[in-house]
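For reference, the structure is listed below as structure tokens.
The values are calculated or read from the model by the stated rules, or taken from the named source; none is laboratory data. These numbers were taken from a predicted model, which means no experiment stands behind them. Because the Cβ atoms are built from the backbone with ideal geometry, glycine has one as well, and the counts that use them run over all protein chains shown. What goes into the accessible areas is simple: the full protein's heavy atoms, side chains included, and nothing from ligands, DNA or RNA. Shrake-Rupley method; radii C 1.70, N 1.55, O 1.52, S 1.80 Å.
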Amino acid sequence: MSVSTETRLNRAASAAALALLLQACGGGGGGGAPTPPPPPQTLPGLDDPNVYSANANASLPGATEAAAVTQHSLSLGGQTLNYQATAGHLIAREIGAAQRPQAAVFYVAYTLPGANAATRPVTFFYNGGPGSASVWLQLGSFGPKRLVSGVPETTAARPFPLVDNADSLLAQSDLVFVNAVGSGRSQAIAPFTNRSFWGVNEDASLFRDFIRRYVEVNGRQASPKFLYGESYGGPRTAVLARRLQEANLPMDGLVLQSPAMDYNSNCAIFELPRVSCAGYLPSYAAVGAWHRLSQQVPTDLDAWTIQARQFAAQSYEPAAQAFLTGGSTTPALWPQLANLTGLGANHWQAQFNLPPTYYRENLLPGQLIGRYDGRMLAPVGSALAAEGDPSSTWIGSSFASAINTHLSNDLQYRNGSTYVLLSNAIQVWNFSYGGRDLPDTIPDLAWTLQQNPRLRVLAISGYHDLATPFYRTEQDLARLNSNRVQVRNYPGGHMSFLDDATRVRQKADLVSFYAEVLAARGAAAGSGPQRQASAAAPQRPYPDQAGALPLPGFKRATPEPEFQAPMRDPWVPPRANLTAPVKAPD
């Protein structure tokens with residue numbers, strides 16, 4: 001080809017390109033239709049079109065199972081774990097022939113792809129409330145990410161940074177964080193409403209049905225299985241483990257984090273204490289020592305709390321019972337109680353069966369002591385004290401902002417509805433259970449231990465927790481009289497894992513517990529219940545669908561408060577406000 005010929009061709013091509021460009025811009029006098037814009041770019045992950053609500057009477061017209069799946073890595077103990085995060089919904093259906101869809105349950109799972117499902121444990125985490133989302137455990141305890149809160153100090157910058165968690169349990173187990181109906185973005189499916197599952201038995205049964213579905217969808221029938229419940233999540237765990245055992249899906253290990261196993265034994269449940277507050281006395285001793293108010297400031301917290309337990313059992317408990325029965329007090333104990341707890345003798349004279357709210361409000365004049373963590377305090381009248389518990393106010397806003405960022409940016413799950421950290425479920429919760437107005441779930445745990453010889457239990461508490469005191473938990477669990485139940489106590493509050501030093505110790509004890517459970521499981525290999533559960537065939541394909549599905553695209557959701565009730569778990573509102581859950585018609 002000659003140079004002149006090539007030049008003419010290049011000029012022609014340039015002219016044609018210019019004509020096309022002018023036409024696309026509406027110029028060149030061609031008068032043709034403009035080129036349509038390119039389709040909008042589709043983002044990776046999941047755009048969930050549903051509108052979720054925490055309202056008691058809310059329900060979804062329908063739902064489909066869907067999730068965002070992303071890949072991540074975590075350096076842990078000198079090794080790199082390549083893990084998968086799954087954020088979305090599974091449909092929990094009733095047990096039985098009808099298998100009515102009950103709720104779309106929102107969960108986040110962190111798993112190791114390619115691991116042997118027959119030997120790789122899976123742990124289901126949930127908080128309490130009742131009405132709480134699982135965000136506190138997900139971003140505070142042993143997931144692959146955690147918030148740096150600086151607890152018990154209140155000097156860190158907020159919002160807290162979200163960092164890789166060097167104390168994650170991901171090397172030991174897959175981790176599934178489950179949100180109760182009406183929290184997070186879990187919601188009932190019509191004809192059920194959220195309130196249909198706001199009761200002790202209804203809630204535990206719904207969690208059972210979610211776990212059944214997760215196990216089925218992910219082929220985890222043969223996996224070692226653990227439950228990890230905090231606060232009200234403790235009694236939920238006792239009832240849930242029983243419901244799973246009855247459904248032929250036995251658990252291998254239960255972790256009870258700061259549990260309220262028997263609401264009837266915790267004096268703070270009642271507006272005026274109707275039972276002895278002796279279960280709190282060792283916690284008062286720990287808190288008083290932290291603030292250097294006890295007459296003997298101990299150097300060994302474990303030894304100090306042993307002494308406090310002995311005094312509570314031998315001296316204070318009998319005197320408190322006598323006070324409750326006949327109104328008589330024991331003046332000789334007032335100065336001893338003051339020396340032990342740091343609270344003046346005049347207060348013990350005024351209120352001998354002394355509840356934790358009184359202790360928190362009077363220990364340090366002008367200061368309010370934390371409920372979830374008695375080491376934390378704030379000046380009365382300050383913003384940190386305004387909601388009644390500096391230890392919960394300190395962390396709340398950071399957890400709220402972090403979960404939304406983590407879901408949308410890291411896990412690529414997007415939805416326009418409010419992530420509700422705490423619904424108002426507690427205001428209408430049906431606490432009656434087992435023939436009593438308030439739940440005592442120790443009998444459920446005893447039954448499950450008897451039915452499942454390989455089951456092991458680990459109870460974890462913080463010495464400075466003034467919501468679910470460690471000594472009261474020890475007393476409740478002692479009723480089991482079982483060598484398969486372990487108790488571990490640490491410096492810290494209700495969420496003991498927020499304390500950096502304690503979290504390391506707690507992680508080590510959890511690793512040992514998992515190893516013990518797996519060893520017991522190996523010794524019982526071939527037992528009937530596990531083989532039957534392993535052989536269960538999937539009943540419904542994935543993804544499951546129910547009811548009328550929404551059209552694609554985001555819907556405008558009405559914003560709801562992220563916190564709809566005080567963070568007071570465990571707590572029971574005045575009984576006049578309580579009514580039973582409303583079950584959907586048959």
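Structure values in brief
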| read-out | value |
| --- | --- |
| Solvent exposure of the chain as accessible area per residue, Å², 1.4 Å probe | 40 Å² |
| Computed label-point distance, nm, for sites Ile95 and Arg292 using a 7 Å Cα→Cβ extension | 5.6 nm |
| 5 angstrom amide H check on Leu455, placed H, neighbours 5+ away | none |
| Size descriptor, Kirkwood hydrodynamic radius, that averages inverse alpha-carbon separations across the stretch 69-128, Å | 14.2 Å |
| Cβ-based charge dipole, the chain, positive-most Cα from Val105, Ala548, Ala278 | Ala548 |
| Positive-end extreme of charge dipole, the chain - chosen from Asn339, Gln450, Phe497 (charges on Cβ) | Gln450 |
| Segments 135-143, 180-188 sorted - mean Cβ within 10 Å per residue, highest first | 180-188, 135-143 |
| Packing rank of 472-485, 217-230, 259-272, 316-329, where each peptide gets the mean count of other beta carbons within 10 Å, highest leading | 217-230, 259-272, 472-485, 316-329 |
| Label point distance in nm, Ala190-Arg556, each placed 7 Å from Cα along Cα→Cβ | 2.1 nm |
| Convex hull of Cα atoms in the stretch 422-528, direction-averaged projection (nm²) | 9.0 nm² |
| Answer label for semi-axes √(5λ) of the Cα gyration tensor in Å (calculated), chosen among (1) 50, 28, 24; (2) 132, 27, 18; (3) 44, 28, 20 | (1) |
| Apportionment of accessible area to carbon and sulfur, the chain, percent (1.4 Å) | 54 percent |
| Residue-span extension gain [Ser328 to Val511] - 0.36 nm each, minus C-alpha spacing | 61.0 nm |
| In order through the stretch 159-175: 3J(HN,Hα) via Karplus (6.51 cos²θ - 1.76 cosθ + 1.60), integer Hz, x for Gly, Pro | x, 5, x, 9, 10, 4, 9, 5, 10, 5, 8, 4, 5, 8, 7, 6, 10 |
